[in-house]
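Down below is the structure, laid out as structure tokens.
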Amino acid sequence: MTVAQPVDGLLKPDTSAHSPLLSVKDVTLQYKTREHIVTATFRVSFDVFQADRFVLLGPSGCGKSSLLKGVAGFMAPVEGSMQLNGQTIDRPGPDRMMVFQEFDQLMPWKTVQQNVMFPMLASGRCTRKEAQERALRFIDKVNLTKFRDVYPHMLSGGMKQRVAIARAMAMEPDILLMDEPFAALDALTRRKMQEELLQLWEDTRFTMLFVTHSIEEAIIVGSRILVLSPHPGRVKAELNAHQFSHAEQGRPEFGALTQRIHNMLFAERIEEEALAKAGAAHG
């Protein structure tokens, strides 16, 4: 039986009985611009376990997307290690599928069903019959069965994101990597997509690494949240949020956690503003 242990005043599942699916240890990531070498993250560590909804949260430029690219195999750490199922990540693979925020990640000349089938056929993981059956199953899970023969230009932004999620899920990856997938959607569609993602998780219990800069989205979507500092990204805290959903958004506990994370992210700014006010008062 799994026992919840209190961490920082919040409950965190006891994961000591099993090994992490994804292990990130003391990872520093850098990338080059024309003029500089930029340190995106500095010695970041975290573990993601089976069926986790793990969220990387932080302000723009804190290295969230760089960490996701590292896990995907597109960026190599200059320090530290990343392992999936005990194996060092050194290249992209079908065991990790990504969903981006852009709507143009679908192939416009292929229908919804053909888009979902494509990576299964291209990777050789399935026969055409198996790919078709799996595609139809996941298209149904994202409520797009009626649109399976439609082309992407006929779909709304939210529907395109559903296709992208179905395509990634149909590959049955070990971990689903989501880089601010709902950021470009309007508020109502974003809320609906969050609800649908959580329902999909309830149905299939997949493992997810989700990037966002929205505190509210992190609390709603995530079971665990890694809070990263402004650039370069360092770990500020790891918090549990599995008890929250849209239904709890108006409750004091939700507001308290939101404020607590906000204070973590912007502690330096808050301190500077307080010092400025104190200086003005004495002046």
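Details
- Long-range amide H partners of Lys236 with built H, under 5 Å: Val227, Leu228, Ser229
- Candidate lysines - alpha carbon under 21 Å from Lys192, same-chain residues fewer than 8 apart omitted: Lys141, Lys146, Lys160
- The stretch between Ala183 and Asn143 holds 12.3 nm of extra length on full extension. This uses 0.36 nm per residue minus the Cα-Cα distance.
- Taking other C-beta atoms within 10 Å as the exposure proxy, Cys62, Cys126 rank Cys126, Cys62 from fewest upward.
- Its Kirkwood hydrodynamic radius, worked out from the mean inverse distance over all distinct Cα pairs, puts the stretch 61-128 at 14.2 Å.
- Within the set [x] 20.1, 77; [y] 18.0, 65; [z] 30.4, 97, the number that Rg and Dmax of the Cα atoms in Å takes when calculated for this structure is listed as [x].
- Of the residues Ile37, Ile89, the one with the fewest other Cβ atoms within 10 Å heads the list, and the complete ranking is Ile37, Ile89.
- Separation of the Lys129 and Glu253 label points, Cα + 7 Å toward Cβ, nm: 5.0 nm
- Estimated inter-spin distance, Ser214 and Arg43, nm [label 7 Å along Cα→Cβ]: 3.4 nm
- If R0 is 25 Å, the Cβ-Cβ spacing of His262 and Gln50 corresponds to a FRET efficiency of close to 0.25.
- Note on Val150/Gln87: beta-carbon distance plugged into 1/(1 + (r/R0)^6) with R0 of 30 Å gives a FRET efficiency of 0.20.
- Amide H to amide H, with H built 1.01 Å from N, Met75 comes under 5 Å of Gly70, counting only residues 5 or more places away or on other chains.
- By the equivalent-ellipsoid construction on the alpha carbon gyration tensor, the stretch 107-173 comes out with semi-axes of 18, 12, 10 Å, ordered largest to smallest.
Every number here is computed from the coordinates shown, using simple stated rules; none is lab data. Because the structure is a prediction, the values reported are computed rather than measured. Backbone-built Cβ (ideal geometry, glycine too); neighbour counts: all protein chains shown.
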